[in-house]
Amino acid sequence: MAWHSISVDELQSYFHRLANDEKLSFEEESDFCTFLMGAESDSTDSFKRYEEICSDHVFITGLHLLSGPNAAVEEIAHRNYSPYQELRKRVDAFESKYDSNATDLFFRQVRKEFNIEHKELRKKDTGDELAEKTAVLKAKLEFLRIRSERLYDDYLAKHDLTSLDLPYGNVVIRFDKVSIMHILNRHVIRNGALDLDRITGKSLLSLSSLEDIIDRIKYLFSVLPKPTTLSGEEEVNIYFKKDLGGEIYAVHVKPIPESTKAGAKKVQRLETFYPIQEAAKLAEFAGRSFKRIRTDLYLLADKT
């Protein structure tokens, strides 16, 4: 079984860029740190030097191994770092780090997602079983915080953007780390995207699949008919299909207490984007028609 392969040129490039204080993308960091985790050397200086840079990836490896133990990967992953130790450290720090009253909105969202899922756990489990599942949930939310934040930052850097704000009629749709985290947690992670590739030891949640989500949302708001009566005070639900026989997708946005500037457009946050799969929700669309907007977009028609 191969742990992970990286070319000498790539490795040298990463060392050179880090030596010059250049920031690596999440994917590049993952390649670099996965290599360091399994590398063999007589000196431990390099491993200690990059311990902070690699801490997120060491934690993520611990989480993957916890969810899908693999003896071959585990042996190599422990060569120079301690994935389970980093995992435990993050779990232990969760309560103090993600406070419901934190000034950082993104951290408050992490806590909100945790509270929603933990409430459901408490309905079913108690004692040691609840404690174990709570620890796993904290680890998952820490992973989501890392992945959402880095996806957002890397996407902006790659496309030379300052934000993902989307114009929509006379309002602005705020599409940010909070939006991305909610989408990943509710509609990506629950479908097995936290799984570990058994050959490379890396997450199956690839950058290309995450970028595809962002691209789809950007495209949707670029081609949707622009509303002329949207005040910015109401919540908006958009339902569409990519083809008439396909899945129904839902997009939900709601107002936030912010505007682009005094007297300018009001801001609404994109809360979620997902394909509807629940039978009860799908039943609500029985008999409803979808109007063709473009060859790849069919919008739910108004009720007649």
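Output the pairs from 89/119; 112/133; 119/226; 242/266 with a Cα-Cα distance over 27 Å in this structure; if there are none, say none.
The pairs that break the limit, which is 27 Å between Cα atoms, are 119/226; 242/266.
Once both labels are modelled 7 Å past Cα along the beta-carbon direction, what's the residue 96-residue 124 spacing in nm?
Label-label distance for residue 96 and residue 124, simple model: 3.2 nm.
Provide the net charge surrounding residue 234, with neighbours chosen by a C-beta distance below 14 Å and charges set as Lys +1, Arg +1, Asp -1, Glu -1. The partial results should precede the final answer.
On the way: positive: 254, 266, 269; negative: 233, 235, 271.
Residues close to residue 234 contribute a combined charge of 0.
Rounded to the nearest 500, what is the chain's calculated 222 nm mean residue ellipticity when only DSSP H runs of at least 4 contribute -39500 (n - 2.57) each, over all residues?
Per the formula, -16500 deg cm²/dmol.
Suppose the Debye formula is applied to equal point scatterers at every Cα of the stretch 1-87; what is log10 I(q)/I(0) at q = 0.17, 0.22 Å⁻¹?
-0.68, -1.13
Determine ³J(HN,Hα), in whole Hz, for all residues of the stretch 28-38 in sequence, where each value follows from phi through the Karplus function 6.51 cos²θ - 1.76 cosθ + 1.60 and θ = phi - 60°; x replaces Gly and Pro.
5, 4, 4, 4, 5, 6, 5, 4, 4, 4, x
If I build a Gaussian network model for the chain, linking alpha-carbon pairs within less than 10 angstrom, which residue out of 64, 16, 252 has the largest mean-square fluctuation?
16
Taking trypsin sites (Lys or Arg not before Pro) as candidate sites, keep only those in a DSSP loop with at most 10 other Cβ atoms within 10 Å, then name the longest stretch of the chain containing none of them.
Segment 1-260 is the longest.
Given a cut-off of under 8 Å on Cα pairs at least six residues apart, what relative contact order in percent is computed for the chain?
Once normalised by length, the contact order is 14 percent.
To the nearest 10 degrees, how steeply does helix 207-223 sit against the main Cα axis of the chain, on a 0 to 90 scale?
20
With only Lys, Arg, Asp and Glu charged, each at its Cβ (+1 for the first two, -1 for the last two), find how big the charge dipole of the stretch 1-87 is about the Cα centre; round to the nearest 20 debye.
The calculated dipole for the stretch 1-87 is roughly 140 debye.
Taking the beta-carbon count within 10 Å as an exposure proxy, list 274, 219 from fewest neighbours to most.
219, 274
If you place +1 on the Cβ of every Lys and Arg and -1 on the Cβ of every Asp and Glu, how big does the dipole about the Cα centre of the chain come out, in debye to the nearest 20?
The dipole magnitude comes to about 1600 debye.
Given Cα positions, please report Rg to Rh for the chain, the hydrodynamic radius being the Kirkwood one.
Numbers: Rg = 21.8 Å, Rh = 21.7 Å.
Value, to two decimals: 1.01.
Each reported figure results from applying straightforward, stated rules to the coordinates on display, with no laboratory input. Bear in mind that the values here come from a model prediction, so they are computed numbers and not experimental data. A quick note on method: Cβ atoms are made from the backbone with ideal geometry, for glycine too, and the neighbour counts reach across all protein chains shown.
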